[in-house]
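The values are calculated or read from the model by the stated rules, or taken from the named source; none is laboratory data. What you are looking at is a predicted structure, and each value in this text was computed from that prediction instead of being measured. Cβ: placed from backbone, ideal geometry, glycine included. Neighbour counts: every protein chain shown.
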Amino acid sequence: MTSRIALRAIALAALLAVAFVVAGCSTATPTADDNDIPAATDRREVIRIGYLPITHSAPLLVADADNGGVIDGVALELVPFASWPELTEALNSGSIDGAVTMLEIALAAVEKGLDQRLVTLTHRNGDAFVVRNDIGSVAELAGERFAIPHRLSGHNILFLRALADAGLSADEVEWIEMPPPDMPAALGRGEIAGYIVAEPFGARAVAEGFGYDLYRSEDLWPDWLCCGLVVTGSFADEDPETVSALVAALTEAGERIDADREAAAETAATYTQYGPELWLASFELGIEYRDFTPTLAELDELREALIDLDLIEGSVPADVFYDDSFAVDATP
């Protein structure tokens with residue numbers, strides 16, 4: 001082993017010596033074109049993007065399928081997760097380059113000093129507030145157990161708003177965090193009285209007869225935004241070309257989903273264990289794949305809601321969290 005290392009060292013030294021001689025003999029001076037070449041020719045060979053199997057991730061799935069797993073010459077590797085904490089840990093640690101994730105979780109990470117940037121939304125509206133069949137109003141959730149996907153989620157905001165509108169305080173309902181894929185079965189077993197979540201996990205409970213939609217997210221907050229593509233700062237800074245291409249691909253995929261939801265349902269089904277019928281039913285429940293460029297006013301409204309609930313401090317303004325340099329004008 002030692003001799004092999006020594007041989008490698010000798011070879012490396014020889015190569016460096018040749019390079020030095022060639023450089024020393026060269027009399028060419030850099031041209032303007034040479035100086036214009038970016039120092040960071042660091043375009044990644046592969047980008048890893050995390051997601052949960054929900055309708056909010058559909059543009060990512062469709063973009064991957066439509067582009068053959070390649071975005072502007074860069075391989076796209078999709079990394080599925082079953083829960084938000086697992087996805088968040090991967091994004092925060094840098095083991096993935098980005099993720100379709102909840103804006104609230106990412107905003108909290110940025111407040112903690114992590115360099116993450118929202119570069120595009122991936123949907124508007126489309127979340128379900130599902131309850132057991134025998135529950136007729138939010139007020140009847142008093143004393144019951146209710147599931148949310150994450151404390152730092154828009155779903156939690158909507159849940160607490162619904163409680164307040166019904167005259168209930170948060171401590172009058174036993175709420176728990178639960179991975180979205182586990183929610184329908186938990187409702188069917190009687191372990192919870194309801195939950196709020198992204199599709200297709202609302203539609204699944206309805207299809208199986210476990211419950212029904214008491215509200216849709218847009219009933220509680222019109223033009224609701226929940227998830228978007230959040231990338232690491234290193235990805236955005238070192239390879240902006242690929243980030244731009246990915247944002248454009250997601251925007252185009254959103255337009256294709258809205259134009260042909262049956263085809264999109266077939267595509268989404270190939271990435272998950274849920275069939276195209278469930279995906280199509282989910283696509284028809286209010287979700288919209290349009291207007292992926294949020295306004296600062298919209299993001300500030302979301303920030304204020306989190307601040308009011310003491311979920312974040314509010315130290316990071318919306319224009320720091322949202323990097324609009326990658327925005328795509330999708331207006332026809």
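For Ala90, the test of being small (Gly, Ala, Ser), outside the structural domain of Asp182 (by TED's automatic domain parsing), out of contact with any Pro (no Cβ under 7 Å at 6 or more places or on another chain) and part of a strand (DSSP E or B) is failed. Residue count for the range 183-218 satisfying the condition of being acidic (Asp, Glu) and in contact with a strand residue (DSSP E or B) (Cβ under 8 Å, 6 or more places away or on another chain): 3.
Screening the candidates Asp319, Asp310 for the property of being among the acidic types (Asp, Glu) and under 28 Å from Thr242 (Cα atoms) yields one hit, Asp319.
Entry remark, the range 294-317: residues being crowded, with 17+ Cβ neighbours inside 10 Å and touching a strand residue (DSSP E or B) at 6+ places or on another chain (Cβ under 9 Å) number 2 in total.
Only one of the listed residues (Glu208, Glu177) is farther than 29 Å from Ile307 by Cβ, among the acidic types (Asp, Glu), outside the structural domain of Ala269 (by TED's automatic domain parsing) and touching a helix residue (DSSP H, G or I) at 6+ places or on another chain (Cβ under 9 Å). That residue is Glu208. Of the helices (runs of 4 or more DSSP H) that lie entirely inside the range 220-330, those containing 3 or more residues that are under 22 Å from Ile49 (Cα atoms) span 233-238, 240-259, 261-269.
Table: residues versus (1) of a type in the set (A, V, I, L, M, F, W, C); (2) within 17 Å of the chain's Cα centre (by Cα).
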residue: Ala203; (1), (2): yes, no
residue: Ala207; (1), (2): yes, no
residue: Cys227; (1), (2): yes, yes
residue: Asp258; (1), (2): no, no
residue: Ala268; (1), (2): yes, yes
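Condition check ((1) within 21 Å of Asp223 (Cβ to Cβ); (2) free of Cβ contacts under 8 Å to residues at least 40 places away in the same chain; (3) touching a Gly at 6+ places or on another chain (Cβ under 7 Å); (4) of a type in the set (Lys, Arg)) across all residues:
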site: Met102; (1), (2), (3), (4): yes, no, yes, no
site: Ala109; (1), (2), (3), (4): no, yes, no, no
site: Arg117; (1), (2), (3), (4): no, no, yes, yes
site: Asn125; (1), (2), (3), (4): yes, no, yes, no
site: Ala128; (1), (2), (3), (4): yes, no, yes, no
site: Arg145; (1), (2), (3), (4): no, no, no, yes
